[in-house]
Structure formats: C-alpha cells, structure tokens
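The values are calculated or read from the model by the stated rules, or taken from the named source; none is laboratory data. As the structure is a prediction and not an experimental result, all values here were calculated from the model. For neighbour counting, all protein chains shown are included, and Cβ atoms are generated from backbone atoms with ideal geometry for every residue, glycine included.
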Amino acid sequence: MNATAAGLVLAAGAGRRYGRPKALVEYEGRLLVERAVDTLRAGGCAPVVVVLGAAADRIRQRARLADATVVDNPQWSTGMASSLRTGLEAVAGTDAPAVVVLLVDMPGVSAEAVRRVAAEASPQALVMAGYGGDRRGHPVLLGREHWAGVATAARGDAGARDYLRQHAERVRVVPCGDVADDHDIDVAGK
C-alpha cells in the first residue's frame, strides 16, 4: 500500500476470433484501447503503458493515446506473453513498485476495481481481482520483485497465469464483483 502503481494495457493482438484487432473496436463511443487507458488512469495508475502489435499504425492514427507511453511488440503474433514481457520491460524504467495489468478487451473492468487492486501496490505484491465465488481475473497487480519471474514464466497466450498459479499462496484476491465485470469481448456482436 505504498507508491502509485503503473498501468499496463495489453492491446497487441489481431483479434482473430473477433475478426479484427480489438483495440480498434468501438464500445460505448470510445475505442477499447482508449477506454482501457482511461480506466487505468481513473484508477490512479501512472504512468500507463500500452503495448501494440497488430495494426499498430492504425491504432496510433485513430486512438487518443497521447497521455500514455506506447510501445510496440514486434513478436505480438506469438501470443500475449511476448506483449506482457514487452510491457514489463517498458515499466521497469519507471520507479513504480508494481504494475496493474489490464487486457484491452475487458470494458467491464471499472476504475474502482483498478483502485482496489492498485491499493495493494508494493514490490512484493501479487494481487488479482475476485469475481463471485472463487473466480479470479483482471485487473492483476504484479509487484516489481515478480517481474523477472513473470517474464520468464510467460508462454504463448498464458501471460502471467502460470506464475500466479505457482505462487498461489502469495496471491491476494481483492473482491471486485460488486463494481466490475471481468468478461472479455471475444466474438463480434457480443
């Protein structure tokens, strides 16, 4: 419960199942990537880093991201893990004790959920939002002391999942189901 956590938006995917990059999907009048950045900012995260890959040039042209640090993941097609590594590398250059990770396709995650998770920011923290019974999800907070381990363990589309499972006894779950929805937008029309 120390200094401000950084925010990290993973927005590099091509959205194959969806039919186009989800970062460019408009939802309630804003692009999903803008919404994710705004959610992290409103939740108190600073700085906010956005990782782009597929359609990076189009996203830069269309999205209002001037208040975020935008980085490219040239290996975006290998899966979310490479984007997480790219984002953690960008955040490592800050003095943030922890980073709140948010996927671009989760517009139901609220600033209040981010605030609750970010309130636990410390270099040792591992925090996940809790939804209903025992379901855990985003936003996820990773303390600085875990970044190297997360980066090493991340594979394919799993991101930090395996690392969090390996350290389950240290993961704090913060209830967020009353202020957020953790469902992602996976298929067009949903």
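What is the residue count in segment 59-102 for residues that are more than 13 Å from residue 9 (Cα to Cα) and part of a strand (DSSP E or B)? Total meeting the criteria: 1.
The selection criterion, being within 15 Å of the chain's Cα centre (by Cα) and in contact (Cβ under 8 Å) with a residue 60 or more places away in the chain, does not hold for residue 4.
Given the conditions (1) outside any loop (DSSP other than H, G, I, E, B); (2) of a type in the set (S, T, N, Q); (3) farther than 26 Å from residue 28 by Cβ; (4) at pLDDT 95 or above, and given that residue 152 satisfies all but one, which numbered condition is not satisfied? Looking at each condition in turn, residue 152 falls short on (4). Looking only at residues of segment 123-165 that are among the acidic types (Asp, Glu) and touching a helix residue (DSSP H, G or I) at 6+ places or on another chain (Cβ under 7 Å), we find that the one that is surrounded by the most Cβ atoms within 10 Å (Cβ to Cβ) is 162. Taking segment 30-87 as the range and being of a type in the set (D, E, K, R) and within 25 Å of residue 4 (Cα to Cα) as the test, the residues that pass are 34, 35, 38, 41, 64, 67, 72, 85.
Could we say that residue 165 is part of a loop (DSSP other than H, G, I, E, B), more than 18 Å from residue 42 (Cβ to Cβ), of a type outside the set (Asp, Glu) and more than 12 Å from the chain's Cα centre (by Cα) here? No, not satisfied.
Taken as a whole, the condition of being buried (at least 23 other Cβ atoms within 10 Å of the Cβ) and closer than 17 Å to residue 141 by Cα does not apply to residue 13.
Of the residues that make up segment 131-138, is at least one part of a strand (DSSP E or B), farther than 21 Å from residue 70 by Cα and not charged (D, E, K, R)? Yes, the conditions are met somewhere in segment 131-138.
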